[in-house]
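Asker: The structure follows.
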Ligand SMILES: Cc1cc2nc3c(=O)[nH]c(=O)nc-3n(C[C@H](O)[C@H](O)[C@H](O)COP(=O)(O)OP(=O)(O)OC[C@H]3O[C@@H](n4cnc5c(N)ncnc54)[C@H](O)[C@@H]3O)c2cc1C
């Protein structure tokens with residue numbers, strides 16, 4: 001391809017998932033020329049009419065969206081679109097230990113908030129974001145574009161990064177932001193090092209209908225083999241049927257293999273028992289999917305004029321539903337630092353600007369990752385003394401209102 005045919009931008013964002021699309025909206029508020037690419041075809045219209053959910057068919061991938069993430073979507077003007085499709089707020093959270101009497105109850109009322117968070121299907125969020133993308137003249141959607149290779153280019157005294165697709169397209173920019181998910185191709189091609197290890201857990205996800213209403217509560221039971229969460233869903237924006245839940249059940253691979261192979265009848269029985277029949281019997285279940293869980297953290301988020309954000313920089317156990325919330329905080333901070341740098345007359349790939357982003361986000365992401373790792377190990381522990389201490393600890397924290405409230409505020413992203 002001749003150079004004249006290669007599109008050049010100030011910033012290319014690789015990956016239009018929840019993090020990449022949010023970042024694109026944030027940066028498009030500037031006069032920068034931005035390209036957002038994805039291997040999946042993006043419609044760029046995302047109209048409500050196309051995707052309004054009236055059926056009882058839910059996306060098996062959902063996210064517990066923190067208050068901080070919701071605030072971001074409100075600022076971007078996409079939250080009203082999400083609400084018009086469907087979203088379920090949860091006001092309470094019940095967490096308990098399968099091996100004993102330890103339990104904690106969190107309530108939004110305790111911290112004078114209307115809700116603890118919101119459960120949203122990932123596809124609803126990305127569609128709402130895609131609807132917003134079409135409103136910016138300085139934002140170009142390039143899809144489908146599957147990244148295959150990356151080249152560093154010197155052009156008219158500028159250092160540019162060029163991304164090349166499997167089908168021969170090329171695109172270049174002064175700054176490339178990798179938001180292309182856990183198996184980031186950009187991260188691999190640019191040679192970022194990562195610390196990673198297997199959680200030795202598979203996450204099984206599906207949707208179920210329960211006998212009793214979920215009462216706008218997120219239910220989580222810590223089993224020795226991994227945590228099981230029932231996340232509340234609603235059918236439409238106007239329907240208050242409280243009998244659907246999204247299931248995220250993390251478990252050892254051998255167990256996942258057995259549970260995936262069960263018939264629906266057997267699965268429903270085993271699932272109801274695993275959550276101690278808190279919501280009665282399971283009346284219906286959708287297809288089951290299972291994902292291997294790995295913890296991954298890039299050693300550096302910045303390498304010359306390439307930056308990592310979201311799952312491309314870090315993946316974390318879903319037990320506290322924090323993955324995309326951390327990624328959205330990355331997006332917010334990176335956009336803020338780039339804008340701040342521009343106002344100070346710095347270039348978008350100035351290392352001072354990019355490294356400030358890394359400093360602000362890396363420690364925060366790492367501390368949340370360690371916390372999740374600690375929880376996972378603590379609840380897998382079979383030693384009787386540890387189990388006893390764990391139960392006493394949970395019950396004590398439940399009674400210590402200031403500590404409990406601080407935990408809720410951190411999980412909601414209200415205290416960074
Ligand atoms: C079972 C489970 C439950 C979870 N629950 C929660 C939760 O409750 N709350 C929460 O905050 N997080 C949760 N997470 C984590 C959350 O799903 C992720 O953190 C989030 O999806 C990451 O978003 P992202 O935009 O960084 O990456 P992704 O959503 O992975 O998006 C990456 C994008 O890049 C594109 N792409 C990838 N490769 C290429 C390529 N080579 N070329 C071009 N495009 C490419 C993809 O098509 C995609 O659109 C959960 C995760 C799992 C596994």
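Asker: Evaluate the distance, in nm, between pseudo-label points positioned 7 Å from the Cα of residue 105 and of residue 265 along their respective Cα→Cβ axes.
Answerer: Those two pseudo-labels are separated by 3.7 nm.
Asker: Continuing with the same structure: So, in Å, what gap is there between the alpha-carbon centers of region 247-325 and region 199-236?
Answerer: Each part reduced to its Cα centre gives a spacing of 10 Å.
Asker: Determine, for each peptide in 358-364, 305-311, the mean count of other beta carbons within 10 angstrom over its residues, then list the peptides with the highest first.
Answerer: Per-residue mean Cβ counts within 10 Å order the peptides as 305-311, 358-364.
Asker: Which value results when the Cα radius of gyration for region 112-240 is divided by 2.2 N^0.38 Å?
Answerer: 1.54
Asker: Can I ask one more? For residue 39, put the label point 7 Å out on the Cα→Cβ axis and report which residues of region 150-187 keep their amide N under 13 Å from it.
Answerer: Residues 165-167, 180-187 fall inside that zone.
Asker: Which of 317, 243 has the fewest other C-beta atoms within 10 Å, and how do the rest follow up to the most?
Answerer: Least crowded to most crowded, the residues run 243, 317.
Asker: Mind giving me the nanometre distance, one decimal, between the label points for residue 336 and residue 71, set 7 Å out from Cα along Cα→Cβ?
Answerer: Taking the two extended label points, one gets 0.9 nm.
Asker: Based on the Kirkwood radius over alpha-carbon pairs, what value in µm²/s does the Stokes-Einstein equation return for the translational diffusion coefficient of region 59-158 at 25 °C and 0.890 mPa s?
Answerer: Rounded, D is 143 µm²/s.
Asker: Starting with the fewest neighbours, write out 315, 236 ranked by other beta-carbon atoms found within 10 Å of each beta-carbon.
Answerer: Least to most surrounded, the residues fall as 236, 315.
Asker: Among 151, 217, which comes first, second and so on when ranked by fewest other beta-carbon atoms within 10 Å?
Answerer: Final ranking by Cβ density, sparse to dense: 151, 217.
Asker: Can I ask one more? What length, rounded to one decimal in nm, is gained on full extension from residue 241 through to residue 115, with 0.36 nm per residue of separation minus their alpha-carbon distance?
Answerer: Length gained between residue 241 and residue 115: 43.5 nm.
Asker: Need one number: the % of Cα-Cα pairs in region 299-371 sitting beyond the 21 Å mark.
Answerer: The calculated P(r) of region 299-371 puts 25 percent of pairs beyond 21 Å.
Asker: For residue 193 and residue 285 in the same chain, what is the full-extension length gain: residue separation times 0.36 nm, less their Cα-Cα distance, in nm?
Answerer: That pair, residue 193 and residue 285, stretches by 29.1 nm at full extension.
Asker: What nm distance separates the two modelled labels at residue 29 and residue 257, each placed 7 Å from Cα along Cα→Cβ?
Answerer: About 5.0 nm separates the two model spin labels.
Readers should treat all values here as calculations from the given coordinates under stated rules, not as data from a laboratory. Everything numeric in this text was worked out from a predicted model, so none of it was measured. Positions of Cβ are generated from backbone atoms using ideal geometry, with glycine treated the same way; all protein chains shown enter the neighbour counts.
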